[in-house]
Amino acid sequence: MPILSRRRQGVGLLGWFVVCFVAAGIGAVASVNAATFYARLAQPTWAPPAAAFGPVWTTLYALMAIAAWLVWRRAGFRNARGALMLFLIQLAINALWSWLFFVWHLGAAAFVGTLALWGLIAATLVAFWRVSRPAGALLLPYLAWVSLATALTWHVWQANPQLLG
């Protein structure tokens, strides 16, 4: 376990927050008109309201940043390279999803993206758990939300072939 100064730990935490919220920003750019597009879609009764997505995703990105930081702090990037690379890959897929769905209106690709994202999150969770149980646990709400998002993406895509063909 590397011994890091408090300053280095703080810089590391800030760095993981920046990484996560840059990914969030990339997704947010694609989501500028998401509320309008989302309102046009036939949705299941169990779909969350559009207003819920911002606060939920903000919380999830913060939890992801803390989880990555815990792994980095415990093992360092070199020793946790596999786990942290999985994390970065899933973060990129996460950012891509908003473009697939809200900008390019590709329902099938967005659904496949959620399946890939779910698998990558699950793999990251296991890899993080092996380094730091709290880090793995912090990814559980993210996995749960993406489980809901996967079901929602499937349903919305199937119900709206004219808009998500």
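Read-outs throughout are calculated quantities, based only on the coordinates presented, and are distinct from any laboratory measurement. Owing to the predicted nature of the structure, the values given are computational and were not obtained by experimental measurement. Every residue, glycine as well, gets a Cβ built from its backbone with ideal geometry; the counts of neighbours run over all protein chains shown.
Some points to look at:
- Choice from Ala23, Ala95, Ala52 with maximal GNM fluctuation in the chain (Cα, 10 Å cutoff): Ala52
- By other beta-carbon atoms within 10 Å, ranking Leu96, Leu4, Leu117 with the fewest at the front produces Leu4, Leu96, Leu117.
- Based on DSSP H segments of at least four residues, each scored -39500 (n - 2.57), the chain has a per-residue ellipticity at 222 nm of -27000 deg cm²/dmol.
- For Cα extents along the principal axes in Å, calculated from these coordinates, the label among [x] 63, 47, 29; [y] 56, 25, 24; [z] 45, 43, 29: [y]
- Magnitude of the charge dipole, the stretch 1-122, Cβ model with Lys/Arg +1 and Asp/Glu -1, debye to 20: 600 debye
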